[in-house]
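Trainee: Structure provided below as structure tokens; questions to follow.
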Amino acid sequence: MIAPTEISHPALWLDPKAAVGAAEREQLQSAGLQLLPVATLEDLKQGLAKARLVVIRLMGDVSLLEEVKKLTQSFGHAVPVLCRVERHNFELAIEAMRRGAYQVLAADDFSINTWRESLALAPKRTEEAKKNTQTFVFVDPNSQHLLELARRVAQTQVSALVVGPTGAGKEVLARVLHDASPRHNGPFVALNCAALPENLIEDLLFGHEKGAFTGALKEHRGLFEQAHGGTIFLDEIAEMPYHLQTKLLRVLQDRKITRLGGQTSIDLDVRLIAATNKDLREAIQNREFREDLYFRISAFKLSILPLRERQGDILPLATQFLTNFGPIDKQVEFTPRAIELLQQYSWPGNVRELQNVVQRALVLGNGELITESDLMFDQWEEKTDPRPMNVSTTSQLMSYGQREVSDAHDPELVNLSTAVKSSEYQAIMAAIQSTKNRSEAAQKLGISPRSLRYKMAQFRERGAPMMAAA
Ligand SMILES: Nc1ncnc2c1ncn2[C@@H]1O[C@H](COP(=O)(O)OP(=O)(O)OP(=O)(O)O)[C@@H](O)[C@H]1O
Ligand SMILES: [Mg+2]
């Protein structure tokens, strides 16, 4: 007698030929399979969020596997697919393995041992997937449409511009575009133009020759050169200093680059994907962004919606993050009330905020279920008056890991990143109030005026009141 397995793997079960009999079902259950039978591909798609595994029966060829793989890929490719084929159909079994099935079993084999062994393999595959592959979610019809568009744009060579609010997945889309392009075997290099001082951006992008400036002891290949044969992703392109925009435009036109202090130009084969969360036309009007550069980079514009406008992505994303950050051997789940809250929330910080909320919930939850009290949103974005919190709140915050459940809705209770943001906000407001203009405020804060402008824009986008600084 084999003891029943404790771990249960929810598995979507699609068998166009026959339903599972009661005896077989019982055996599968003892092996640790929690059967979720589905009749159509549409049902399978709907169920992906709660499945650990997909089991399909192939009828003569691999076409069903291809369809299912398309679905799991648009959902995020960490859901392993097991194929059942007629006994002795070796050709089909091999073909299924080649097309990415993680295992193939004989369709009439329901033995507990076979299935238990097979399931023991599945989590390992998922663990590998966690390490090796980015799992991306495009489930909402709006996102599917965007993904489709990105795949088409990927086939062309022209520059693309990704537009969307903070944390919505601009870099993710840029990667998808690169991966779907004929350049996918080439490098993907990314630079956030807002995160660096001007002179460093120039050096990083275009490189320098030995002796180009004091301290240039060796030659340095810039990111453009490093991206040769692949894609360069410039995030927050609106933050690129004006004179570098001119240089960038020249590189895009000539497809050549000259290192700082260099004489010879180097041929380039690089595709540019730029991203911004700003309205570039407004930046053009304010003479902060070059119009000719805008025309050159925006031949294809891909707009990512805020998360609240693509409801269909919320739950699959949340489940994906649970799988990615949760325990390997157990599927943590949300209670219905928690699901409701996730769907109702307005997600001002978009996918990044959802990721934070799930990570926090995994720390706070009991390891099996995530309830509404485990969900801690980045609350202050929701408030119209994001008053900086006081010291007692901060000390409360340090112990939030061991807090009582009854604390969950304490409006004073905030997480660490909120605390950091809040003090940053406080410092910025104080500097602005006590100085004559923005450059003076920036100086006082010890950051560049550009960084200050960027930080202020981010706070403003999150709904924080920001007085206009000179
Ligand atoms: N479709 C998606 N599927 C899975 N994860 C996603 C998806 N979109 C975004 N994420 C995750 O959310 C986080 C933010 O995504 P990303 O960095 O691409 O956003 P962004 O728009 O570039 O943000 P920012 O405006 O701050 O630069 C990342 O951790 C990313 O992996
Ligand atoms: Mg980004």
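The values are calculated or read from the model by the stated rules, or taken from the named source; none is laboratory data. Everything quoted here is computed from the prediction, not taken from an experiment. Every residue, glycine as well, gets a Cβ built from its backbone with ideal geometry; the counts of neighbours run over all protein chains shown.
Trainee: So which helices (runs of 4 or more DSSP H) stay within the range 134-215 end to end and still have 1 or more residues that are away from ligand 1 (no atom under 14 Å from the Cβ) and not assigned by TED's automatic domain parsing to the domain that holds Asn324?
Mentor: In the range 134-215, 141-154, 198-206 are the helices (runs of 4 or more DSSP H) which contain 1 or more residues that are away from ligand 1 (no atom under 14 Å from the Cβ) and not assigned by TED's automatic domain parsing to the domain that holds Asn324.
Trainee: Restricting to the range 296-325, and then to whatever is among the aromatic types (Phe, Trp, Tyr) and farther than 19 Å from Glu148 by Cβ, can you tell me which residue is modelled with the highest pLDDT?
Mentor: That would be Phe321.
Conditions (1) closer than 21 Å to Val153 by Cβ; (2) over 22 Å from the mean Cα position of the chain (by Cα); (3) of a type in the set (Asp, Glu), marked per residue:
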{"site": "Glu236", "(1), (2), (3)": "yes, no, yes"}
{"site": "Tyr242", "(1), (2), (3)": "no, yes, no"}
{"site": "Arg290", "(1), (2), (3)": "no, yes, no"}
{"site": "Ser298", "(1), (2), (3)": "yes, yes, no"}
{"site": "Ile304", "(1), (2), (3)": "yes, no, no"}
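Trainee: Please specify each residue of the range 327-355 satisfying the condition of being within 21 Å of Gly169 (Cβ to Cβ), free of Cβ contacts under 8 Å to residues at least 40 places away in the same chain and small (Gly, Ala, Ser).
Mentor: Ser346
Trainee: Restricting the first residue to the range 160-171 and requiring it to be closer than 14 Å to Trp347 by Cα, which pairs with a second residue that is assigned to a loop (DSSP other than H, G, I, E, B) and near ligand 1 (Cβ under 6 Å from one of its atoms) meet a Cβ separation below 6 Å and a spacing of at least six or different chains?
Mentor: Pairs that qualify, where the first residue is closer than 14 Å to Trp347 by Cα and the partner is assigned to a loop (DSSP other than H, G, I, E, B) and near ligand 1 (Cβ under 6 Å from one of its atoms), are Pro165/Asn277; Thr166/Asn277.
Trainee: If you don't mind, there's one more thing I want to ask. Which count do you get for residues in the range 216-244 that are touching a Ser or Thr at 6+ places or on another chain (Cβ under 8 Å) and either in a loop (DSSP other than H, G, I, E, B) or not assigned by TED's automatic domain parsing to the domain that holds Val162 (or both)?
Mentor: Qualifying residue count for the region: 1.
Trainee: Determine, yes or no, whether His243 is away from ligand 1 (no atom under 16 Å from the Cβ), under 30 Å from Asn356 (Cα atoms) and without any contact (Cβ under 8 Å) to a residue 12 or more places away in the chain.
Mentor: Taking the combined requirement at face value, the residue does not satisfy it.
Trainee: Does Phe295 fit the bill of being of a type in the set (Phe, Trp, Tyr) and surrounded by 14 or more Cβ atoms within 10 Å (Cβ to Cβ)?
Mentor: no
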